[in-house]
Amino acid sequence: MIASQMADIQIGDSDLAKLRQVLQGELVFPGDTAYEQARRVWNGAIDRRPAGIVRCADANDVQRAIEFARRRDWPIAVRGGGHSTAGFSTSEGGLVIDLSPMKSIRVDPETSTAQAQAGLTLGELIQETQRYGLATTTGIVSDTGIAGLTLGGGIGWLAAQYGLTCDNVSAFEVITPDGVLRRADPDENPDLFWGLRGGGGNFGIVTNFHYRLHDVGPVLAGMVIHPMAQARKALRFYRDYTATAPDELTAYAALLTTPEGERAIAFILCYAGELQEGERIVKPIRRWGPPVVDLLRPMSYLEAISLIDAANPAGRYYAEKGNTVPELKDEVIDILVENASAGTSPFSVTLIQHLHGVATRIAPHATAFPVRKECYVPVHIAAWEDGDAARHRQWLRTSTDALRPFELKETYVNFMSEEGSARVRSAYGANYDRLVALKNRYDPDNLFHLNQNIKPNISPDAGW
Ligand SMILES: Cc1cc2nc3c(=O)[nH]c(=O)nc-3n(C[C@H](O)[C@H](O)[C@H](O)COP(=O)(O)OP(=O)(O)OC[C@H]3O[C@@H](n4cnc5c(N)ncnc54)[C@H](O)[C@@H]3O)c2cc1C
């Protein structure tokens, strides 16, 4: 299959020549100077060679690329920011529909809204909205794509105050597998609007997101660091501290190795309310220990989502898995610390995220995103540079498996690796059947399958 696809690519191939002619953007093939760079994604461990990459300039390009791939029966991979650790945004053979050149953004300060094209990164979105003192919930690393993050859910510093990123979408512009550009909002295609908020890229290619924005001024953010020897005690303190966290405060804990080579535990947090009140709220975390290093200070929200960028460089080898646990029991803490202490690389991290506040006060069936109760989300990120993958992947498996007895079955798909369809089903919990019905309706051929895939269960011939 792949060999024949590759053989298909000939200069002078009339379909390809036509596609190239009608595109506003670029079509990149193996052998083109731009190919090596264009095929790369954030995770250096993903080394795939697509048969072609369409670097889309606009929604028309996306429609033409879908039509081309459909006619040729080529698998489609869709790329926004290219941060999928599992490598869903590229493929071996097939066509990558790359939206990363599509970066137009319009902020309306009157209505506190933004229309943002799918190729923007979180940093690019926030840089523009902050010109008006506005922002919406994003993840915590600025070069993550808005597209994959929003479609999967979007957890970050403002989720407790304003909901997940997907909760702040008022409309999507999406091209469904039939090539039609549709709007999905509470009135128009409400079923699709429901599924796009958490259901990932299963139903089409989103070209434009309409976001609700909020007034976000300087925040109190940063990290405080303690030696790993304190990790068990520190995590018990963290558990008690976060149990009473107001919506303005989101605090994570990270088990990591410092640049000096010391294993450590860091509290990483952001208080996005009034700064003086923030100083009062973070006092216990500043005093506990006391920390070896206290880097908490007022900063812009853009800076707060860029704090750990340098620790996640593009091109390093990564593998990632997460668990979702309802509480940080002592046994869970013991497992987290034991596994982190047995880490196989100084770049590997276990990041424990706290989900609370507004994001957890929305009903689990209101959007496709299913995890709507207060919980902790430990994500284990194995990262290495020496190419010896097996021991790092084993550490990841051990770390995740050890927490299985304590975890909720619903989990956040954006922190999963390729874990099979049973895991996707359980991740979506009670929302799964409705997602399958939606997939049957919009994508019965499973054209968009390179994702945390919701498989249709009707024959493709049944149509719409
Ligand atoms: C360093 C790092 C930090 C992260 N931090 C956070 C965090 O704080 N909070 C959080 O919630 N998540 C976080 N994530 C997870 C992140 O949400 C997912 O990796 C997300 O998929 C990235 O989106 P992307 O557009 O960059 O990815 P891509 O790799 O481009 O795409 C990911 C998936 O989305 C699909 N997709 C992309 N664009 C579109 C589109 N326009 N239309 C339809 N489908 C599309 C792709 O096909 C693929 O299946 C982080 C990931 C990394 C690597």
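The Kirkwood hydrodynamic radius of the chain, based on inverse pair distances between different Cα atoms, is 22.7 Å.
Residues whose amide H falls under 5 Å from that of residue 206, counting only those 5 or more places apart or on a different chain, are 175, with hydrogens built in the peptide plane. Put a dot 7 Å past the Cα of residue 103, heading toward its Cβ, do the same for residue 35, and the two dots end up 2.6 nm apart.
On the beta carbon distance between residue 170 and residue 258, with R0 = 60 Å, the FRET formula returns roughly 0.90. Going by neighbour counts of Cβ atoms within 10 Å, the residues 167, 386, 32 line up, fewest first, as 386, 32, 167. For the chain, the longest principal axis of the C-alpha atoms and the axis of helix 389-403 are separated by about 60°. Here residue 321 is the anchor, and the lysines within straight C-alpha reach of less than 26 Å, apart from those fewer than 8 places off in the same chain, are 233, 329, 373, 409, 439, 455.
Rank these for me by crowding, 257, 144, going from fewest to most other beta carbons within 10 Å.
The order, fewest Cβ neighbours first, is 257, 144.
For the stretch 320-464, what does the alpha-carbon gyration tensor say about shape, rounded, prolate or oblate, given a ≥ b ≥ c as the root eigenvalues, a/c under 1.5 as rounded, and a/b over b/c as prolate? The shape class here is oblate. Cα extents for the stretch 128-245 along the principal axes, largest to smallest and rounded to whole angstrom: 57, 32, 26. Once the Cα atoms of helix 432-442 and of the chain are each reduced to a long axis, what angle between those two axes, in degrees from 0 to 90 to the nearest 10, is obtained? Taking Cα atoms only, the helix is inclined about 30 degrees. The stretch 26-184 gives an Rg/Rh value of 0.98, both radii derived from C-alpha positions and Rh following Kirkwood. Is the shape of the stretch 2-98 rounded, prolate or oblate, going by the alpha carbon gyration tensor and its root eigenvalues a ≥ b ≥ c, with a/c under 1.5 for rounded and a/b larger than b/c for prolate? It comes out prolate by the Cα gyration axes. If you bin all the Cα-Cα distances of the stretch 31-73 at 10 Å, starting from zero, the percentages per bin are 23, 44, 32, 1. Projecting the Cα atoms of 14, 89, 34 onto the charge dipole of the stretch 2-98, computed from C-beta unit charges around the Cα centre, puts 89 farthest toward the positive end. Under 5 Å from the amide H of residue 144 lie the amide H atoms of 122, 123, each residue being 5 or more positions distant or on a separate chain, with H modelled from the backbone and absent for Pro and chain starts.
Read-outs: derived from the displayed coordinates by stated rules, not from any lab. Small disclaimer: the values here were computed from a predicted structure and weren't measured. Glycine gets a Cβ as well: all are built from the backbone with ideal geometry, and neighbour counts include every protein chain shown.
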